[in-house]
Amino acid sequence: MLKKSKILVVLMLGLVFLTSCGNNKGGVSQNKEIKIVDDFGNKVALDKEVKKIVSLSPSTTEVLFALGLDEKIVGVSDYCDYPAKALEKEKIGGFADANLEKIIGLSPDLVVSAGGEKKEANEILKNANIEVAVFDSGTIEEVYSQIERIGILTGREDAAEKLVGDMKKKEADIVTRAKEIKNKEKVFYEIWHDPLTTAGKGSFMDELITLSGGINIAGDMDKPYPEISVEKLIEENPSIYLTTDGGVGKTVETIKTREGYANIEAVKNDRVYILDANIVSRPGPRIVDALEIVYEIISEK
């Protein structure tokens, strides 16, 4: 009788196992535990350790490396150039024209990206049993959240917690020093020159300028990246002019010689600065380095 009972228990356990596995597609449970929600409301879950990752944006690539996931990164976008080891990874195209066939061929467990959501492409990847997480950070706090969620997905919670903690400490130190600046200077950030486009409310640079103790002359504009006339720029008369080379070889001298610019205080006092776009524009681990760069310029005596 006891022997029959044992056999019955074994059969019941076997039935439970078959029932739980019978709905698997490609060996992955369809009843995945929800781990995170990305910035577009998509529930992203994994029922096993992530072994292979593809990154479709420079900022997420920087996060992955900062979390010590070098060995698990099997592919990155053509624009992922930091850290130097990112250049050694398999290239899978750009964000807008990623080679989906190549990505699927790399058999990643997870694809991460930043910026707009490519629904059709993401659906193709999900149908290939690949989880996709897309982030769209617009503030430093949102960058922290992005890092923490990527840490959860990749099993690097502790590393993410430490990284975010170090970043917050550096941010707090800079903000404390910035509060000591008594005479706040007016700052202009040029994103593009034709048409003249700047950083308004809701942009990273607006936050960086404000936290660094400056006054963004476009801070009252509702759009993150509004156009501004040269006449308005001259009228506002910023004492600090920030920009990047824009990939077109822009220099301090080419800016100074523009029509009407000789009347701007920043030009008169030689306070026009060309910044590294890869640092000041990427919503990743180096965003607090960007904050420090802007603070050092604004606080310069």
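Here the average projected area of the convex hull drawn through the C-alpha atoms of region 181-298 stands at 6.7 nm². Membrane-span-like helices in the chain (whole DSSP H runs, Cα extent of at least 15 Å along the helix axis, mean Kyte-Doolittle hydropathy of at least 0.5): 2-21, 287-298. Averaging the Cα positions of each part gives two centres, and for region 147-173 and region 57-130 these lie 20 Å apart. Ordering 282, 258, 271 by the number of other Cβ atoms within 10 Å of each residue's own Cβ, fewest first, gives 258, 271, 282.
In this label model, residue 231 and residue 52 are separated by 5.9 nm, measuring between points 7 Å along each Cα→Cβ vector.
Model label points for residue 194 and residue 215, set 7 angstrom from Cα along the Cα-to-Cβ axis, are 3.2 nm apart. For region 149-188, GluC sites (Glu not before Pro) are listed when DSSP marks them as loop and at most 16 other Cβ atoms sit within 10 Å of their Cβ; the list is 180. Considering only 190, 148, 259, the Gaussian network model of the chain with Cα springs below 10 Å gives its largest mean-square fluctuation to 259.
The ranking of 73, 274 from fewest to most other beta carbons within 10 Å of each one's beta carbon is 274, 73. Sorted largest first, the spans of the alpha carbon positions of region 53-168 along the three principal axes are 39, 28, 23 Å. For region 30-115, GluC sites (Glu not before Pro) meeting the loop criterion (DSSP other than H, G, I, E, B) and having at most 11 other Cβ atoms within 10 Å: 33, 49.
Looking at the square roots a ≥ b ≥ c of the eigenvalues of the Cα gyration tensor of region 128-214, which shape do they give, rounded for a/c under 1.5, prolate if a/b is larger than b/c, or oblate? Note, shape of region 128-214 comes out oblate.
Going by neighbour counts of Cβ atoms within 10 Å, the residues 60, 197, 257, 244 line up, fewest first, as 257, 197, 244, 60. Along the charge dipole of the chain, Cβ charges K/R +1 and D/E -1, which of 137, 297, 65 sits furthest on the positive end? Selected residue: 65. The slack between residue 158 and residue 250, meaning 0.36 nm per residue of separation minus the straight C-alpha distance, is 29.0 nm. Round to a whole angstrom and tell me the spacing of the C-alpha centers of region 269-297 and region 182-229. If you average the Cα positions of each part, the centres end up 13 Å apart. With R₀ fixed at 35 Å, the C-beta to C-beta distance from residue 34 to residue 276 puts the FRET efficiency at about 0.40. For the chain, the share of DSSP beta bridges that are antiparallel, to the nearest 5, is 25%. Among beta bridges from DSSP that stay inside region 27-167, the antiparallel ones total about 20%.
Projecting the Cα atoms of 208, 238, 218 onto the dipole axis of region 181-298, where Lys and Arg carry +1 and Asp and Glu carry -1 at the beta carbon, places 208 farthest toward the positive end.
Volume per residue of the convex hull around the Cα atoms, evaluated for the chain, comes out as 157 Å³.
Every number in this text was worked out from the coordinates using simple rules, so none of it is lab data. Owing to the predicted nature of the structure, the values given are computational and were not obtained by experimental measurement. Counting neighbours? That spans all protein chains shown, and the Cβs are built from the backbone with ideal geometry, glycine included.
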